[in-house]
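The next block holds one structure in the form of C-alpha cells; read it before the comments.
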Amino acid sequence: MNVDPLFHVLDEYLATVAAQLAPGQRRKLTREVAIGLRKRQQQRINSQKNPSGESYAARRRKTLRSQGGVKFLWNDETRELSNWRTTGRGEQRAITGYDVEKGGVRTFYKRDIQRYIEIHLNQTKRTTTRKEKMFRRLRTARFLKAYGTASAAVVGYKGHTAEIASVHQYGEVDTVAPGARARYPVRELLGMTESDLDWLADAVVNSLQP
C-alpha cells in the first residue's frame, strides 16, 4: 500500500499545527508522538511484518556437516577434535570441533596445522532453521530510540546499531563470516503504515484538546 500521498497531506497539516504552538509545547507533542510511534514500530517488528503487511522473508535453512574425528599437529602439539567441520574461506579456512583434551569447542586455522595424523570421515549432516523471532534486540527501547525536538519527532537507530538495521531495512550486502559476504533480504524495521498515519493524526488532535 502506498502511503506517500497520505504522509505528505499529514505533514502539511502537522506543520500548520506546529506553527501555532510554543517551542515547549512542540517538544512535548513531538516526544509523545515519537514514543507512540516507537511502540507501534515495536509491535509490528514483533509480528514479523513489513509496513506493507507482508511477512518478513524467512531465515535461510542452514546445512551443518560434521566429521567423526581428526587428529593433527598444531604448534608442535597433538590436538584431537570430534564432530568437526570445515568453516571459512581462503586464508580464513579452518576446522571447528570439540577439543577432546581441552573440553570445549575450538577452531584452528588450516594454515597453522603442521600435519594431519588421523582423519575419520564418517560424515553426518543436519539442516537447521532458527525458530525464534528475528530482531528481538533491535526492537527494544535500548536500541530503538525515540525522542522529540521543537521541530521533529524522531524514531530510529544510532551508530553501529543503525548500520546493522540498514542492512536489513534495505537488503544490503554484509559480512557473514571471515572472507564471506552475503546479501540479506529486505526486512523493513522502520516504516509508516496507513494505520500509523491515522493514529498520528488522532494523537495530534487529542493533544490539542483542552
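Every number in this text was worked out from the coordinates using simple rules, so none of it is lab data. This structure is a prediction, so every number in the text was calculated from the model and none was measured. FYI the Cβ positions are ideal-geometry reconstructions off the backbone, even for glycines, and counts take in every protein chain you see.
Using amide H atoms built 1.01 Å from N in the peptide plane, name the residues 5+ places from residue 74, or on other chains, whose amide H lies under 5 Å from its own.
Result for residue 74 returns 79, 114.
To the nearest 0.05, how large is the calculated FRET efficiency for residue 61 and residue 109 if R₀ is 30 Å and r is the Cβ-Cβ distance?
Calculated value: 0.65.
Taking R0 as 35 Å, what FRET efficiency do you get between residue 133 and residue 101 from their Cβ-Cβ distance, rounded to the nearest 0.05?
Once rounded, the FRET efficiency stands at 0.35.
For 174, 99, what ranking results if the residue with the fewest other Cβ atoms within 10 Å of its Cβ goes first?
Ascending Cβ contact count within 10 Å gives the list 174, 99.
Given the pairs 71/110; 28/49; 71/102, which span a C-alpha to C-alpha distance of over 23 angstrom in this model?
28/49
Between residue 49 and residues 5 or more places away or on another chain, which pairs have amide H atoms under 5 Å apart, with H built 1.01 Å from N, and which residues are they?
Here the answer is 56, since their amide H atoms fall under 5 Å of that of residue 49.
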